[in-house]
Amino acid sequence: MKIHNHIIPKAIRRHSIRLWLATAITMTATLAALTGCSADNEPENPTGGDGTSVTFGATIATREGHDNGNAPTSRAIPDGTFEEGDWILVHIDGERKVFVYRTAGGFVHDPTISALNVDPTPPEWKSGETGKDVLAYGPTGVIMYDVNEGYVFQCAVAKDQSKDKDYEERDYVYAAQSLDRGNPALTFRHGMTRVVVRLRPGGSLTSEEVAGASVLLGDKNIFLVADIDPQTGTLTAHVPTGGNQLQPQTVTPHRCAATPTGYAVAYEALLPPQDVSGKLFISARLSDGTELGYAAESGSMLEGGHEYIYNVTVEENRLVVTVTDSDVPWQDGILTTKIDGKEFRLIRTAEDLARFARDVNGDGVTSGSGKTDLNALQVADIDLQELAGSKDAALRALAADWVPIGGYGTSYTGIYCGNGYTISGLHITTNHSYNGFFGSVTGNGALLTGIHLRNVEITGPTAPRTGALAGYIQNGTATLCSAKGKIEISLPTDGDSGGVVGGLVGHAANCSINRCHTNVDIKADGALQGRGSAYAGGIVGQNICLSTTSTLFTCRADGDVSLTGTGTSTATQPLCAGGIAGYNSSHSNSELAAILACVATGNVTATYTGTDAVNAWAGGLVGYNGEMGELWYSYARGTATATVKDNTEGAVGAIVGGYAPSSGNSAIEYCFGAGAGGKGTSGLEERGNIAYNIAPGEGEIKDIVGHDWTKEGISTTDYNVSATPAYGINVNERKFNIQDVWKAGEGVWPVLDMEYNGEKK
């Protein structure tokens, strides 16, 4: 059983009555002995019948807790959950009572506790009662205790929070509401302020120098004690009025175990709500003894239940501070913030992400059961395998087999900003209509940006649409995303349907995918039937224009693509594999399916193992470039191979495996193929400005990077490396000069500028 000690600063006085730490600790031990860890006090009839004891369930707002791999159990409340044996105070029926948390039964009254101003009588439901007004607050370990009065309406944080216990056990939560007899449950909210300070180097300083810096909050000007409002449970900083009361202090924060990308070190602390305007609030001491300080700006009010993140650039003689994610309330256990007038749910942990996915999906079947337009802002690196340790069985299952966000009938339509952080350990083994981190994403406002997937393993399922990031995107935008891992699946190719798999997106239609990078090895096989087909590509399996231009711009794919088919099909292009896209074509008479300024470095293989007259298409960039398919300013370094029955060569090319004839308006211009396949494709017409391999790394590849050409109307987000969120959330149509998207790479091979490309800042 976990025992909360009543840690009370020695110098605190209330109404000139001395508070004794030893007495409080003794009382806690006594309560523990009396209470024990059994469930004997759980009611026989928990349904709320007349005369039964009041019990209730509880949810608590989530908070990113300190995680050093060996975190104490007391971090449960900062993490957003109660644990077996947690005690809280409850004002009910005009009396103060102690309730204890039982994993099996929620909060139950403990009648064995005898203490000053604590009533041991169990509260009961009376005839005709539909609810009870309650104030619940705690845990008891943070509530101050007076030897003459008992529990008082005050709580305190530690002056030195550098140790795990002194930070993690100082959280305070409260709930003031009517307890519904028919559904007795309370929603607790955080009362303290959480302050996070992140340091990064500036000027001539290095990350190592900044990582060794120590941080203090305040200069004997931070209040540690808070008064509790007896009606609402909210906190107000306790201002000492003299005597021996605890005076304002300097706080030593807790060093975070995890540091966000781009920063050298991060600290965190819990403080009572208070005004820090004009106060020396952040002090940093460098390893050479240099001391730098930051005075909070006017209007810097730290509100209870809010989080304030101070991003600090440490230079030789000053601290440059920006405050982000300030004014972030906890709402029913969920952290949210607003950016440009849009509300975003903050994703800080694997459980945050899993709950977001569950809320979007609803029941996964019924249209309208999920909140498909939810927006999310990721603010930390996340490992989905951490879900394996969740107390929620449904969340634990997601570690081994992720359920894609958005599916058939519940397509995702919101904004997910990964903010440059990573998501690791995406594993999928079950069949879904659409497989990937996201399943189906649709709508002109849908946006996936700054999402970086690592250790992706999609193995085993048979899914018609599969991609590491998303199985299907229509009319949306994906920008500044990446994926690393492997996809090994079977593709359903029966009837008139086809199966598609991409390193990033399976099926892309009427969308913009730009500045994305994959290193995903793909192995896919399909049993061809009827008019079925199979497409595989390093970025997308299929890029289709249905009504508006569908564009891939400045994307790079480094993984190998292998597509194998058997059976039979009457489709014109039954098997298509490409380094960027398996298939690129328009179904519109006026709009294009465009692939612009893309690079593929992996090898591509398309193989037909059946006995019928079925061909296979493989291209270093695109398997088949169809009608109104535009392929410009791109190059492939890998080798494409296509084989059919009897080991004869299929349709293969260093640039494309096949293409629509001139009458189909297939445009292949300023492209370069370094692998096998001669001039880029079998039978490619000598037209336009095709650049092909004369000698590896030489020749007309210069035409790709040197041609002065502007492309307008590409939907993308702005990139600002110094901003937070770093990758932006607003989509706008930009024009790009093709020269600006390239920069010097190794030797003669250029690389894509995937940050400040296009219009220079």
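Table for the structure above
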| quantity | calculated |
| --- | --- |
| Test: residue in the stretch 528-551 that is more than 30 Å from the chain's Cα centre (by Cα), of a type in the set (A, V, I, L, M) and surrounded by 24 or more Cβ atoms within 10 Å (Cβ to Cβ) | yes |
| Residue under evaluation THR290, criteria (1) in contact with a helix residue (DSSP H, G or I) (Cβ under 9 Å, 6 or more places away or on another chain); (2) modelled with pLDDT under 90; (3) β-branched (Val, Ile, Thr), criterion not met | (1) |
| Within the stretch 371-383, tally of residues that are closer than 12 Å to LEU426 by Cα and crowded, with 22+ Cβ neighbours inside 10 Å | 1 |
| Which listed residue is free of Cβ contacts under 8 Å to residues at least 24 places away in the same chain and among the hydroxyl-bearing types (Ser, Thr, Tyr), from THR548, THR566, THR572 | THR572 |
| Residue satisfying all of: in the stretch 578-591; in a loop (DSSP other than H, G, I, E, B) and buried (at least 21 other Cβ atoms within 10 Å of the Cβ); nearest to the chain's Cα centre (by Cα) among these | ILE580 |
| Selected residue (only one of THR250, THR261 is modelled with pLDDT of 90 or more and not charged (D, E, K, R)) | THR250 |
| Pick from the stretch 129-150, criterion modelled with pLDDT of 90 or more and among the small types (Gly, Ala, Ser), ranking: nearest to the chain's Cα centre (by Cα) | GLY138 |
| Filter result (in a loop (DSSP other than H, G, I, E, B) and surrounded by fewer than 23 Cβ atoms within 10 Å (Cβ to Cβ)) within the stretch 390-413 | SER390, LYS391, ASP392, ASP401, VAL403, TYR408, GLY409, THR413 |
| Entirely in the stretch 637-737, the strands (runs of 3 or more DSSP E) that have 1 or more residues that are among the acidic types (Asp, Glu) and modelled with pLDDT of 85 or more | 710-717, 731-737 |
| Criterion violated by THR548 - all others in (1) part of a strand (DSSP E or B); (2) at pLDDT below 95 satisfied | (1) |
| Count - residues of the stretch 490-520 that are surrounded by fewer than 24 Cβ atoms within 10 Å (Cβ to Cβ) and within 19 Å of THR430 (Cβ to Cβ) | 2 |
| Positions within the stretch 427-449 being crowded, with 24+ Cβ neighbours inside 10 Å and either in a loop (DSSP other than H, G, I, E, B) or hydrophobic (A, V, I, L, M, F, W, C) (or both), in sequence order | ILE428, GLY436, PHE437, PHE438, VAL441, ALA446, LEU447, LEU448 |
| One residue from LEU395, LEU384 being under 23 Å from THR59 (Cα atoms) and modelled with pLDDT of 95 or more | LEU384 |
| Breaking point among (1) in a loop (DSSP other than H, G, I, E, B); (2) over 29 Å from the mean Cα position of the chain (by Cα), for GLU209 | (1) |
| Test: GLY94 is without any contact (Cβ under 8 Å) to a residue 24 or more places away in the chain, surrounded by fewer than 20 Cβ atoms within 10 Å (Cβ to Cβ) and small (Gly, Ala, Ser) | yes |
| Selected residue (criterion: farthest from LEU447 (Cα to Cα)) from residues of the stretch 367-381 that are assigned to a loop (DSSP other than H, G, I, E, B) and modelled with pLDDT of 85 or more | ASP381 |
| Looking only at the stretch 643-660, and only at residues there that are crowded, with 24+ Cβ neighbours inside 10 Å and touching a Phe, Trp or Tyr at 6+ places or on another chain (Cβ under 6 Å), the one that is nearest to CYS555 (Cα to Cα) | GLY657 |
| Residue in the stretch 188-202 that is surrounded by 15 or more Cβ atoms within 10 Å (Cβ to Cβ), farther than 21 Å from LEU292 by Cα and among the hydrophobic types (A, V, I, L, M, F, W, C) present | yes |
| VAL173 touching a helix residue (DSSP H, G or I) at 6+ places or on another chain (Cβ under 8 Å), touching a residue at least 12 places away in the same chain (Cβ under 8 Å) and surrounded by 20 or more Cβ atoms within 10 Å (Cβ to Cβ) | yes |
| Selection count where residues are surrounded by fewer than 22 Cβ atoms within 10 Å (Cβ to Cβ), aliphatic (A, V, I, L, M) and within 16 Å of TYR294 (Cβ to Cβ), scope the stretch 252-277 | 1 |
| Close pairs from the stretch 116-128: first in contact (Cβ under 8 Å) with a residue 40 or more places away in the chain, partner hydroxyl-bearing (Ser, Thr, Tyr), Cβ under 7 Å, at least 6 apart | PRO122/SER53; PRO123/SER53; GLU124/THR52; GLU124/SER53; TRP125/THR52 |
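Residue by residue, here is whether (1) assigned by TED's automatic domain parsing to the domain that holds THR466; (2) part of a strand (DSSP E or B); (3) under 22 Å from GLY471 (Cα atoms); (4) out of contact with any helix residue (DSSP H, G or I) (no Cβ under 9 Å at 6 or more places or on another chain) holds:
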position	(1), (2), (3), (4)
GLN542	yes, yes, yes, yes
SER562	yes, yes, yes, yes
GLY610	yes, no, no, no
TRP632	yes, yes, no, no
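The values are calculated or read from the model by the stated rules, or taken from the named source; none is laboratory data. Just so it is clear, the structure is predicted and the values come from calculations on it, not from any experiment. When we count neighbours, we look across all protein chains shown, and the Cβ atoms used for this are built from the backbone with ideal geometry, even at glycine.
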